[in-house]
Structure formats: structure tokens, C-alpha cells
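I have placed the structure first, in the form of C-alpha cells, so that the comments after it can refer back to it.
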Amino acid sequence: MSTAKKQYKRVTVKSLVEMKANKEKISMLTAYDYTMAKIVDGAGIDVILVGDSASNVMAGHETTLPITLDQMIYHASSVIRAIHRCLVVVDLPFGTYQGNSKNALDSAIRIMKESGGHAVKLEGGSEIAESVSRILTAGIPVMGHLGLTPQSIYKFGTYTVRAKEEAEAAKLKEDAKLLEQLGCFALVLEKVPAKLAQEVAESLTIPVIGIGAGGGVDGQVLVTHDMIGMTHEFSPRFLRRYLDLYAEMTKAFQNYISDVKSLDFPNENEQY
């Protein structure tokens, strides 16, 4: 027998915890600009992540490392101006929180004050515990991120599945518990075995949102540009493409070029 889901006029960190308790899956997508955020929020998404993946998607960098705090604030500000319902989580970029908890707090405060974002996300476990704790003392909600952590790509040397070995899986479980104990309101697990991800989700009271972590977690996140097919070079197993906008947009652009060249555009009805 199905139960009616609570309707949220505005999604908050408390809403996500309620969704987990009510066994309602959480939907999360990325956005980096006003126009995309307006569409995604209007469709009814629960969470928008202003990810440091903007470094790849918007700026064409090979990794997430080059994006700066100022650039993240710019993207987050654009998203905040578009939304009416969803929770907006903003990544703290590489170099703004690792190894220096005062710098972490200063970075998080800038995100919140200058962009209007609702929460921040940090990658790592015990290594960043001090930074997480210090940010939380200011009343800033923190989302954790374990498993494949793209800011540490040069440490791992690969984007393959993490925590397949027993020792790494055990550390991930410990880190997940630690982040919950510190006060994180949610956790992202990226590219880890589905069985492990489900174990973590079942062991925590806070929601666990997966990307390449199977269906046993409390929600899913994808990069919007990937799932609507604007990008086409990136095809991991976990990615489902709901559109092929690369092909559709290419066709539209080619039709426009052809119409301009042939003098078909603009026609009499398209001029003053």
C-alpha cells in the first residue's frame, strides 16, 4: 500500500532527513547558471549541487582542481537567483579547506554571504574533520563526500571504483560515521560498490546520496549536462542519458546556418 509523500514548498536540510525517514528517494542534479537552474528547479528537483565540476563542464579543465572560490561564488549566485523550491549545496573548491580549518570557515562564510547558498560540500573524512567541525560551529550546514573524491585525483591516479578492498571499505565506513557524528546533514558516495553503499546508508540516520553507488542509497545525483546528453565523450556505467541534446543541438545549429546561408532566415514574418 503506497503512502502519500509530503509536499515541500521549500526543501531544507531538515526535509532531506525527513525524506530518508519516510523512505522517499532524494533527487539531486548539478547546475552552474541561472537558466539551467531555473529549469531544473521548476521541474521539481530536491537539491541542486553547484559542483566544482563546473571546472570541467563550464570551463573545459581536465580536473576540478583549477576552479577558484570566486568562480564558485559566481556560479552559485547565478543559481540562487533562479530557484524557488530546491536546496542549493555549493562545493568548496580545492585548496579552500584542506589542512586549515580557519581558511575552511572563512571560505564557507564567503560562499554563504556572497552567493546566498544554503549549504556547502567538502570531500574527505577524518583528514578534514577539524574543518567540518569549525564550519558547523558557524551554523553552516555541511554535506560530506566520500568514495571517489575528484579533488584528490592525483593521489588516486585514476577515476576507477573506490573502496573495493577491505581496508579502504572499512575506512570509508568509519569516515561516514564520523561525518554523521560531527554533524553533517547528508553524505555523497561516489563510485563505490553498491553493496558497500547500501551498508553505509543503512548504518546512518542522515541521507546518503549516490553517484555510481547503486540503488540502495537514499538518493541519486548526476551532472545535468551528462544526463541530458550535452556532453558525449563521458559514458560511465552509472550514467543514464535522458536526452541526446548534443545531436539535437548540432542539428538545430546546422539548420540555422543553412537557413542563413540560403537567405531563408529571416523570412517576411520574422522582420519589422
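The values are calculated or read from the model by the stated rules, or taken from the named source; none is laboratory data. These numbers come from a predicted model, not from an experiment. Glycine also receives a Cβ, built like all others from the backbone with ideal geometry; neighbour counts cover every protein chain displayed. Quick note on the areas: whole protein, heavy atoms, side chains included, nothing else; ligands and nucleic acids left out. Shrake-Rupley method; radii C 1.70, N 1.55, O 1.52, S 1.80 Å.
In the list F234, F265, which residue meets the criterion of being more than 20 Å from V132 (Cβ to Cβ), modelled with pLDDT under 95 and surrounded by 11 or more Cβ atoms within 10 Å (Cβ to Cβ)?
F234
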Which one of E233, E199 is farther than 24 Å from A43 by Cβ and free of Cβ contacts under 8 Å to residues at least 12 places away in the same chain? E233
Find all pairs meeting these conditions: Cβ atoms under 8 angstrom apart; at least six residues apart or on different chains; first residue within the range 162-188 and under 21 Å from V89 (Cβ atoms); second residue open to solvent by 80 Å² or more (accessible area, probe 1.4 Å). E180/T205
Picked from the range 197-219 (must be open to solvent by 30 Å² or more (accessible area, probe 1.4 Å) and either among the acidic types (D, E) or in contact with a Phe, Trp or Tyr (Cβ under 8 Å, 6 or more places away or on another chain) (or both)), the residue farthest from P150 (Cα to Cα) is E202
Determine, yes or no, whether I109 is touching a helix residue (DSSP H, G or I) at 6+ places or on another chain (Cβ under 8 Å) and either closer than 21 Å to A201 by Cα or not charged (D, E, K, R) (or both). no
Residue identified as on the phi > 0 side of the Ramachandran plot and not small (G, A, S) among K191, K173, K251: K191
Among L187, L222, L239, which is open to solvent by less than 20 Å² (accessible area, probe 1.4 Å) and within 21 Å of G147 (Cα to Cα)? L187
Test each condition in (1) under 26 Å from S235 (Cα atoms); (2) of a type in the set (V, I, T); (3) not in a loop (DSSP other than H, G, I, E, B) for I135 and report the one that comes out false. (1)
With respect to the numbered conditions (1) without any contact (Cβ under 8 Å) to a residue 40 or more places away in the chain; (2) among the hydroxyl-bearing types (S, T, Y); (3) within 26 Å of M58 (Cβ to Cβ), which one is the sole condition not fulfilled by T137? (3)
In the range 175-271, which helices (runs of 4 or more DSSP H) lie fully inside it and hold 3 or more residues that are over 27 Å from N22 (Cβ atoms)? 245-261
Can you find a residue that is acidic (D, E), modelled with pLDDT of 95 or more and more than 15 Å from the chain's Cα centre (by Cα) anywhere in the range 74-97? no
On the basis of being modelled with pLDDT under 95, part of a loop (DSSP other than H, G, I, E, B), within 29 Å of L204 (Cβ to Cβ) and charged (D, E, K, R), does K23 make the cut? no
Out of contact with any Phe, Trp or Tyr (no Cβ under 9 Å at 6 or more places or on another chain), closer than 14 Å to R10 by Cα and in contact (Cβ under 8 Å) with a residue 24 or more places away in the chain, is that true of D91? no
Only unsatisfied item for T160, checking (1) modelled with pLDDT under 95; (2) outside any helix (DSSP H, G or I); (3) touching a Leu at 6+ places or on another chain (Cβ under 7 Å), is (3)
